[in-house]
Amino acid sequence: PDSDDDGLSDAFESALLQKFQPQFEISKGDCGGEPARFAPGAAKPSVVADDGTIYGQAFPREATAEGQRQIELHFYHLWRLDCGRMGHPLDAEHVSVLLRGTGSDASQWKALYWYAAAHEDTVCDASQVTRASTLEAETHGATVWVSRGKHGSFLDEELCQRGCGGDRCASTEPLVSAGMINLG
């Protein structure tokens, strides 16, 4: 089945999301806990658990001149709260990857570029994009550092220190995700 009618089967989307899921490095004792799982279909966002759930979404893109297809994957880590300066309830951050390949075998697909959003579309925007080869993340997920309390995503631990002063990626540990939810 293709529940979102985008031309990509649900099974293929899930295989790509699993293959390229980033390894999130989060700060021990983050005031937001871990990324949250939300009640599905609720009109107002309602946290079910702070269990490390990651949400994913696949978007088909135009084919290349060589006839290869492109797919963009988005990985959302959603938090109960932002507890940095000017904190607020609910905090949504994301990481994206552009893939190229053919067919519906996830093992045949490779990442071209990774993008990490850090305070996207604000005066403190520190988002970055880089080639997957630079990160050695062409065939699997990139390592992503998540700033303590603010939850900005960074493709390099050192970049985490260069925002508007509120980002820190110290004392991190790998997130053990409770699972991936495919948004379609």
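The values are calculated or read from the model by the stated rules, or taken from the named source; none is laboratory data. Model, not experiment: these values are computed from the prediction. Don't worry about glycine lacking a Cβ; one is built from the backbone with ideal geometry, like all the others, and counts go over all protein chains shown. Just the protein is used for accessible areas: all its heavy atoms, side chains included, with ligands, DNA and RNA removed. Shrake-Rupley method; radii C 1.70, N 1.55, O 1.52, S 1.80 Å.
Just a few scattered comments:
- Residues Tyr55, Tyr115, sorted by accessible area with the largest first, give Tyr115, Tyr55 [1.4 Å probe; ligands and nucleic acids excluded].
- Coupling constants for the range 167-184 follow from the phi torsions by the Karplus curve (6.51 cos²θ - 1.76 cosθ + 1.60, θ = phi - 60°), and in residue order they are 8, 9, 10, 9, 6, 8, 9, x, 6, 9, 6, 6, x, 10, 10, 7, 7, x Hz; glycine and proline get x.
- Prolate/oblate/rounded label for the range 103-143 (Cα gyration tensor, a/c 1.5): prolate
- Against the chain, whose longest principal axis is taken from its Cα atoms, helix 10-20 shows a tilt of about 60°.
- Positive-end ranking of Leu98, Met180, Thr122 along the dipole of the chain, with charges on Cβ about the Cα centre, is headed by Thr122.
- Taking every alpha-carbon pair in the range 52-125 and binning the separations at 5 Å intervals from zero gives 4, 13, 20, 20, 14, 11, 9, 6, 3, 1 percent.
- Sequence-distant contacts, meaning Cα pairs under 8 Å at least 6 residues apart, place the relative contact order of the chain at 26 percent.
- At 1.306 mPa s and 10 °C, Stokes D of the range 84-178 from Kirkwood alpha-carbon radius, µm² per second: 111 µm²/s
- Compactness relative to 2.2 N^0.38 Å, alpha carbon Rg of the chain: 1.02
- Sequence-ordered 3J(HN,Hα) estimates for the range 136-143 from the Karplus curve with 6.51, -1.76 and 1.60 and θ = phi - 60° stand at 6, 10, 8, 10, 7, x, 7, 7 Hz, glycine and proline given as x.
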